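No lab work stands behind these numbers, since they all come straight from the coordinates. Everything quoted here is computed from the prediction, not taken from an experiment. Glycine also receives a Cβ, built like all others from the backbone with ideal geometry; neighbour counts cover every protein chain displayed.
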Amino acid sequence: MSTAFKAQPHTIRFLGDQLVGYRDQQGEARLVQGRCAHRGCHLGGGWLEGGELVCPYHGWKYGADGVCNRIPALRPEESIPAGARISTYQLQEKYGLVWAWVPGESPVPTYAIEDIPELQGMHHHPKADIKYLFGGHFTRTIENGIDPVHAPFLHGKSVGQVSADADLTYPDFDVVNGDRIAKARFPVKVEKISGLVRFFLKGDADSIYKEFRFIYPNVTVPLNRFGSLAFASVMAHIPYSESETLVVATNWRNFLARTPLLCGWFDRETMKTGLKILTEDNGIVQDQFPRVVRYRGSNEVLIKSDGLVLEFRRVMRRFMEPPPH
């Protein structure tokens, strides 16, 4: 999250590595490799001098470009070695998140961050933002995050309940897809919303729906609309390893922005409910098998209501699988 980047280095886990994030004197977010070029000391325990990162072991100092510009132990006649540098990442801040370009075939970004038109007219509420560590692979947490069917079964305590004779069939729906996105709209099958929030979230059948958007490679956006009221989350699924994923969510809505007491109350309700939902989800995700989603050749028996999951796998195949020879 953007709020995690401050004028103090902090550790960020990513794909088995430990990176270091901070803000320089101009307030720009920076992300660098986590190990000093000297003797492999972890830079997350360092500090900033003049907006530049200092290693806590021998005081080597690195500029925003990753180049070491000061080694206290060097004599005046010695030069800083050419290899005294650390890798840096290109960043962009958007939707309350810090987006990092991980160099693969291209060292610079080859596409822009996707727009999320559903957030138009909404305000970001940082006090409602949440993060949760899942015991599963990021492909599993993403598929869970775009699956509309499980809520009546798994989230009865946190979100709301359905009656025993409720119609849980899903009508046909269209999946909107693009180069790096897939989205679909679904009816809300929960009949009785839990908590005091139910007094705000009302509307007729045509104006109540849930929409899910997947943005390649690891972002999901669930949107809930109840008449004129709407709220959404921008959720980044950050892979720690094959068995751990950190999900961070920035929360947005188009109501209660100018009433401080009610705004604070709804922020707390959003955070509390969100953590309950993620905890319930984790109980399933951590035991799914195989641990990593297979983009093709899966032995799973998928049906029409899994249409958005199938589209997610199509997008991932396009970018993650090697091109045919």
- Message: Neighbour counts of other C-beta atoms within 10 Å: give me GLU93, GLU211 arranged from fewest to most.
- Response: GLU93, GLU211
- Which of TYR240, VAL175, LEU229 sits closest to the plus end of the dipole of the range 118-320, meaning its Cα is farthest towards the positive end, when Lys and Arg get +1 and Asp and Glu get -1 on the C-beta? TYR240
- Restricted to the chain, the DSSP antiparallel beta bridge percent, nearest 5, is 100
- Query: How big is D, in µm² s⁻¹, for the range 2-101 by Stokes-Einstein at 25 °C and 0.890 mPa s if Rh is the Kirkwood radius over C-alpha pairs?
  - Reply: 178
- Item | Residue list for the range 208-236, given a label point 7 angstrom along the Cα-to-Cβ vector of LEU91 and an amide N cut-off under 17 Å | 236
- Taking the chain as a Gaussian network, where each spring joins two C-alpha atoms under 10 Å apart, which residue of HIS237, HIS155, HIS38 fluctuates the most? HIS38
- Note on the structure: Under 13 Å by backbone N from the virtual spin label 7 Å along Cα-to-Cβ at ASN69, the residues of the range 13-37 are 24-26
- Find how many whole Å separate the alpha carbon centroid of the range 1-35 from the alpha carbon centroid of the range 107-132. 18
- Message: Give me the extension gain from LYS276 to ARG39: residue separation times 0.36 nm, minus the current Cα-Cα distance, reported in nm with one decimal.
- Response: 81.0 nm
- Correct choice for Rg and Dmax of the Cα atoms in Å that was computed from the model, options [x] 22.1, 69; [y] 19.5, 60; [z] 22.4, 84: [z]
- Task: May I ask which of LYS127/LYS210; LYS6/LYS183; LYS6/LYS131; LYS94/LYS304; LYS127/LYS276 have a Cα-Cα span longer than 26 Å here?
- Result: LYS6/LYS183; LYS94/LYS304
- Residues PHE289, PHE14 in order from fewest to most other beta-carbon atoms within 10 Å are PHE289, PHE14
